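Notes for the one structure printed next.
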Amino acid sequence: EVLVNAVANLPRLADFLEQLKVVLGNKPIIINSGFRSEAVNNSVGSSNKSDHRRGCAADIRVPGMTPDEVTKAIIASALPYQQVIREFDRWTHVAITTNESDVPSKSKLIIDKAGTRLYA
């Protein structure tokens, strides 16, 4: 079932990333991690409930922008993101809703050596 959902969600995620690219001034988006199989997800120590498992998340970098700048741009945009996380000041995690009809929660977090906290 996870794979079926991922196959349905990946085109939505790709469309979201294309919209994000426009928000970011058409800079290229480098995807560090998108859909993860169970084996890959386990190898990086992530939860099986990760949005990556459902094809709803990407960890991204944008040349010429810091992860904080990318995170701020996503937050300031009108894009329907479910979650954005500045992770270890190295990349930005962005997720869309699992179901297209769901209203995105627009959760904003920071994860680093100090732990997990709200993005402020």
When every residue in the stretch 21-38 that is assigned to a loop (DSSP other than H, G, I, E, B) and either among the aliphatic types (A, V, I, L, M) or in contact (Cβ under 8 Å) with a residue 40 or more places away in the chain (or both) is compared, the one farthest from D51 (Cα to Cα) is L24
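Look through the stretch 90-99, keep the residues that are modelled with pLDDT of 95 or more and surrounded by 14 or more Cβ atoms within 10 Å (Cβ to Cβ), and return whichever of them is farthest from V4 (Cα to Cα).
Going through the stretch 90-99, the residues modelled with pLDDT of 95 or more turn out to be 90-97.
Filter again for surrounded by 14 or more Cβ atoms within 10 Å (Cβ to Cβ), leaving 91-97.
Values: W91: 27, T92: 26, H93: 22, V94: 21, A95: 18, I96: 16, T97: 15 Å.
Residue satisfying both the conditions and the ranking: W91.
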Can you work out which of the residues in the stretch 50-82 that are surrounded by fewer than 19 Cβ atoms within 10 Å (Cβ to Cβ) and polar (S, T, N, Q) is farthest from S33 (Cα to Cα)?
-> S77
Does N9 satisfy the condition of being in a loop (DSSP other than H, G, I, E, B), under 19 Å from T97 (Cα atoms), touching an Asp or Glu at 6+ places or on another chain (Cβ under 9 Å) and of a type outside the set (S, T, Y)?
-> no
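Could you tell me how many of the residues in the stretch 65-89 are touching a strand residue (DSSP E or B) at 6+ places or on another chain (Cβ under 8 Å) and either charged (D, E, K, R) or over 24 Å from V22 (Cβ atoms) (or both)? Give the steps one after another, and end with the answer.
Step one: list which residues in the stretch 65-89 are touching a strand residue (DSSP E or B) at 6+ places or on another chain (Cβ under 8 Å), which gives 67-68, 70-71, 74-75, 81-89.
Checking which are either charged (D, E, K, R) or over 24 Å from V22 (Cβ atoms) (or both) leaves us with 68, 86-89.
So the count comes out to 5.
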Selection count, the stretch 21-45, where residues are surrounded by 16 or more Cβ atoms within 10 Å (Cβ to Cβ) and either in contact with a strand residue (DSSP E or B) (Cβ under 6 Å, 6 or more places away or on another chain) or among the small types (G, A, S) (or both) | 3
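Tell me yes or no: at least one residue of the stretch 13-20 is within 19 Å of I110 (Cα to Cα), in contact (Cβ under 8 Å) with a residue 40 or more places away in the chain, open to solvent by less than 60 Å² (accessible area, probe 1.4 Å) and within 13 Å of the chain's Cα centre (by Cα).
Keep residues of the stretch 13-20 that are within 19 Å of I110 (Cα to Cα), which gives none.
The answer is no, given that none of the residues of the stretch 13-20 is within 19 Å of I110 (Cα to Cα), in contact (Cβ under 8 Å) with a residue 40 or more places away in the chain, open to solvent by less than 60 Å² (accessible area, probe 1.4 Å) and within 13 Å of the chain's Cα centre (by Cα).
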Would you mind finding the one in L109, L118 that is among the hydrophobic types (A, V, I, L, M, F, W, C), in contact with a strand residue (DSSP E or B) (Cβ under 6 Å, 6 or more places away or on another chain) and open to solvent by 20 Å² or more (accessible area, probe 1.4 Å)?
-> L109
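Of all residues in the stretch 21-55 being small (G, A, S) and under 12 Å from the mean Cα position of the chain (by Cα), which is nearest to E100 (Cα to Cα)? I'd like the intermediate steps shown before the answer.
Of all residues in the stretch 21-55, those small (G, A, S) come to 25, 33-34, 37, 39, 43, 45-47, 50, 55.
Now drop any that are not under 12 Å from the mean Cα position of the chain (by Cα), which leaves 33-34, 50, 55.
Values: S33: 21, G34: 18, S50: 17, G55: 12 Å.
Within the stretch 21-55, the match that is nearest to E100 (Cα to Cα) is G55.
The values are calculated or read from the model by the stated rules, or taken from the named source; none is laboratory data. Here the structure is a predicted model, which is why all the values come from computation and not from measurement. As a convention, Cβ positions derive from the backbone with ideal geometry for all residues, glycine included, and neighbour counts pool all protein chains shown. Surface areas here come from the heavy atoms of the whole protein model, side chains and all, with no ligands, DNA or RNA. Shrake-Rupley method; radii C 1.70, N 1.55, O 1.52, S 1.80 Å.
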